[in-house]
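Accompanying notes for the structure given below.
The values are calculated or read from the model by the stated rules, or taken from the named source; none is laboratory data. Since this is a predicted model, take the numbers as computed values, not measurements. Using ideal geometry, Cβ is built from the backbone for each residue, glycine included, and neighbour counts are taken over all protein chains shown. In case anyone asks, the SASA skips ligands and DNA or RNA and just uses the protein heavy atoms, side chains included. Shrake-Rupley method; radii C 1.70, N 1.55, O 1.52, S 1.80 Å.
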Amino acid sequence: MSNLSRRTLLKNTAGLAAASAVIGTPLIAQDRTLKIGSYGGYFENSFKEHVYPAFTEATGIAVESVTQPNSSDWLVTMQQATAAGSVPADLSLYARDTMIKASRLGGMLAKLDMSAIPAAEGLDSYFVFEDGTGPIGVGAMSWFTAMVINPDEVGPPASWAEFWDSEKYEASLGISKLYNSHFLDIVAATFFEGEATFATDEGIIALIEKAAELKPNVALWWSAESQMEQSMKNADVIGGLYYLDVSNLMAADGFPIQAVFPKEGNPQDYGSWCLSALSDKGAEAAEFINFSSDPAIQALMSRKIGTAPLLEQSKTDLTDEEFAFVSGTPSIKPAYEAYLDKETFMKEAWDKMLAGA
Amino acid sequence: MSHSESLTLPAAPPSPAFNPARLLPALLTALILLLCVTPFLLVIAIAFGQKIEGAGWEWAFTFANFQRFFVGAGWPEDVTYLYLQRLWYSLYYAVIASLLAVLTAFPFTLCLTRLSRRAQSRWLVFILASLSLSEVFVVMGWDVLFSNRSGLPMVFRETGLTDWLKANGLFDLLREWGLASPRNVKFKTSAFATVMCMAYLVWPYAVILLYPALSRLDQSQIEAARTMGATPRQVLTTVILPAVRLPLTGAVLLLFVFLLGTYVAVTVFAEPAKQTTAISVYESVRGSTLNAPFGAAQAVILLVTAATFLGLGQLLMLRGRP
């Protein structure tokens, strides 16, 4: 109820702002700002350095960068902030599962005005997410979780199945500890029927049992990205699952890491721009989303940040080499809905497997 | 806060009908209650909430979260003691690390009290200062110490110790214990690394807790015992230890409760099979499942466990009192 009245209030203030815009246009135009959340560290810095200045130059809208930890933790923060009536960011980056979750929670995300985002039509339609209320998320960029190895220690495997070979990988791999880090999608694609295996509880159990066979080969079940980064650099592990873009950057810096696309491929996830329901910057946000959907900007992000573009390579001016740096084939599409609908069951079964309980 | 408020009180004009000096303690109590007890009550209330699959949670009154802790979410078709196992590891690490810290801090502190005043205060300042290191930095330090390229494993490799172990067959034993990969020894992830780091974390507290008691030890009793021909060992077991038994037990208990909630060290150094309730709480609340009620239920159970152990410790100490 308080949210409702607050929203009405916001609408009225927005109306007032619009009215004053007519009277004092130059002053207001200079004041257009937008608070955008992105994953902190290198990622956010790249956005601040390469993307936001270009956007401000093109539109006159100043961007204030907000650090978000990752999308699922950010969802908790935003949920609490929304309940409290004031949010730290207008636009946030959410992974697809978090976005679906936010839409199920309700009252957190505003509908996007797609007529103000014509460039989104150029994206693969998979990347514009609509729930019951309308479009609420437009893809920002995508990223691959990839198979990585230490090329000084082993050669690139042709299949994920080779990681199960204890002769070669005993106590040597770093795999994500989270049940929904898409490792199960890899198991499904490598040993089962892919996404369809997630349809039944028995299928999920079979996936987890197959993953359990890998346990003797895993030296590190990482929960934070930095753990895996350090372990690869220190040679505590000689292979595993890690982000493609970061791996390639590390390799470019001379660290012993090589990203591999085995025959089953690597899982592809993507982030969406979502507008907070409490934000009164809908127009500015639409301009930014439109800007980031532009093929030139998608290519810019691929070059400068290492994310995969959300459209075909031919629509961008990326060279084959540049494209291979950020993307690859085939890609494994995660079973998002199963992860959400069978959340408790999957998490507990996975944790049980890890704990040997 | 109460201190500064009471200092400013005399400046206020006294009123015969309404004495603010009387109201102040009541107000402060109310404020403290509000700030301390409200979050506490909220956690307990949330523990009875209900999880909505694929979304968040809602207020409710269900014991399902507590039930899940003991038998798992799939009960009765499927039973798991996963969360009890985590509670067990919480206790396991906390007991060993607190004992280790107190047992090593005891001789150190005993020696410390024999030093000159000047040296004692220098040591104490140093130990107090080291408390300001956050858990994150301490863990980072130990992480480097245990890393393959820069820490102990490198020392093992470079000094030829690894090759020696391999030649003598001891290496395979280490591999069985999970303390080696086919290439070199490895100390992470292991219970060993976890306990070492946790003991290190609380070691300064152990010294500070033991220092007052040990520095008040009656030297004349020790000297009398020595004069009467007691060996140093006899002095330790018959004079010193009985005198400081209570502070020793108290220190172990306090550090134990403190260590129950250790988060960073366990995340980094313990393998998933040996992680604790604190990690599980964090994963429920902040992780991808948004299951605050289950997280709160686990936190409440951890709290009850800590309280039980403190109560038992208290009983033990009271019974042991002459």
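Take the stretch A:102-114 and flag every residue that is more than 13 Å from A:Gly132 (Cα to Cα) and assigned to a helix (DSSP H, G or I). Across the stretch A:102-114, the qualifying residue is only A:Met114.
Determine whether B:Gly49 is within 10 Å of another protein chain (Cβ to nearest Cβ) and surrounded by 10 or more Cβ atoms within 10 Å (Cβ to Cβ). Answer is no for this residue. The set of residues in the stretch A:178-203 being of a type in the set (Val, Ile, Thr) and part of a helix (DSSP H, G or I) consists of A:Ile186, A:Val187, A:Thr190, A:Thr197.
Being crowded, with 23+ Cβ neighbours inside 10 Å, without any contact (Cβ under 8 Å) to a residue 40 or more places away in the chain and within 14 Å of another protein chain (Cβ to nearest Cβ) is the requirement here; does B:Ser280 meet it? No; evaluated as a whole, the condition is false for this residue.
Any residue at all in the stretch A:108-122 that's within 20 Å of B:Gly54 (Cα to Cα) and either more than 14 Å from chain B (Cβ to nearest Cβ) or surrounded by fewer than 19 Cβ atoms within 10 Å (Cβ to Cβ) (or both)?
Looking only at the stretch A:108-122, we keep the residues that are within 20 Å of B:Gly54 (Cα to Cα), and these are A:108-110.
Adding the requirement that they be either more than 14 Å from chain B (Cβ to nearest Cβ) or surrounded by fewer than 19 Cβ atoms within 10 Å (Cβ to Cβ) (or both) leaves A:110.
Yes, there is a match, as at least one residue in the stretch A:108-122 is within 20 Å of B:Gly54 (Cα to Cα) and either more than 14 Å from chain B (Cβ to nearest Cβ) or surrounded by fewer than 19 Cβ atoms within 10 Å (Cβ to Cβ) (or both).
Scanning the stretch B:60-103 for residues that are within 13 Å of chain A (Cβ to nearest Cβ), part of a loop (DSSP other than H, G, I, E, B) and closer than 24 Å to B:Ser288 by Cβ turns up B:Gly72, B:Ala73, B:Gly74, B:Trp75, B:Asp78, B:Thr80, B:Tyr81. Against the numbered list (1) within 14 Å of another protein chain (Cβ to nearest Cβ); (2) in contact with a Lys or Arg (Cβ under 9 Å, 6 or more places away or on another chain); (3) surrounded by fewer than 22 Cβ atoms within 10 Å (Cβ to Cβ), A:Glu343 comes up short only at (3).
A:Phe129 falls short on exactly one of the conditions (1) more than 14 Å from every other protein chain (Cβ to nearest Cβ); (2) open to solvent by 60 Å² or more (accessible area, probe 1.4 Å); (3) of a type in the set (A, V, I, L, M, F, W, C); (4) not in a helix (DSSP H, G or I), and that condition is (2). Residues that are in a loop (DSSP other than H, G, I, E, B) and of a type in the set (A, V, I, L, M, F, W, C) were ranked within the stretch A:147-177; the one that is most open to solvent (accessible area, probe 1.4 Å) is A:Ala158.
Please determine whether any residue of the stretch A:276-296 is at pLDDT below 90, assigned by the TED database to the domain that holds A:Lys48 and either outside any helix (DSSP H, G or I) or touching a Phe, Trp or Tyr at 6+ places or on another chain (Cβ under 6 Å) (or both).
At the first step, the residues of the stretch A:276-296 found to be at pLDDT below 90 are none.
Checking the stretch A:276-296: not a single residue is at pLDDT below 90, assigned by the TED database to the domain that holds A:Lys48 and either outside any helix (DSSP H, G or I) or touching a Phe, Trp or Tyr at 6+ places or on another chain (Cβ under 6 Å) (or both).
Filter the stretch A:215-240 down to residues that are among the small types (Gly, Ala, Ser) and within 17 Å of B:Ala265 (Cβ to Cβ) and give me whichever is modelled with the highest pLDDT. Step by step, filter the stretch A:215-240, then rank; the result is A:Ser231.
Okay, residues lined up against (1) among the hydroxyl-bearing types (Ser, Thr, Tyr); (2) open to solvent by 60 Å² or more (accessible area, probe 1.4 Å):
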residue	(1), (2)
A:Tyr179	yes, no
A:Leu184	no, no
A:Phe192	no, yes
A:Thr200	yes, yes
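Among residues of the stretch B:148-176 that are within 21 Å of A:Gln230 (Cβ to Cβ), those with a beta-carbon under 6 Å from a residue that is open to solvent by 60 Å² or more (accessible area, probe 1.4 Å) and in a helix (DSSP H, G or I) at least six positions away or on a different chain give the pairs B:Ser150/B:Val144; B:Gly151/B:Val144; B:Gly151/B:Leu145.
Given the criteria away from chain A (no Cβ under 14 Å) and either assigned to a helix (DSSP H, G or I) or open to solvent by 40 Å² or more (accessible area, probe 1.4 Å) (or both), does B:Val266 qualify? Considered against the rule, which asks whether it is away from chain A (no Cβ under 14 Å) and either assigned to a helix (DSSP H, G or I) or open to solvent by 40 Å² or more (accessible area, probe 1.4 Å) (or both), B:Val266 comes out as no.
As a summary of the residue check, B:Ala306 satisfies the conditions (1) more than 16 Å from the chain's Cα centre (by Cα); (2) touching a residue at least 40 places away in the same chain (Cβ under 8 Å); (3) more than 7 Å from every other protein chain (Cβ to nearest Cβ) except for the one numbered (1).
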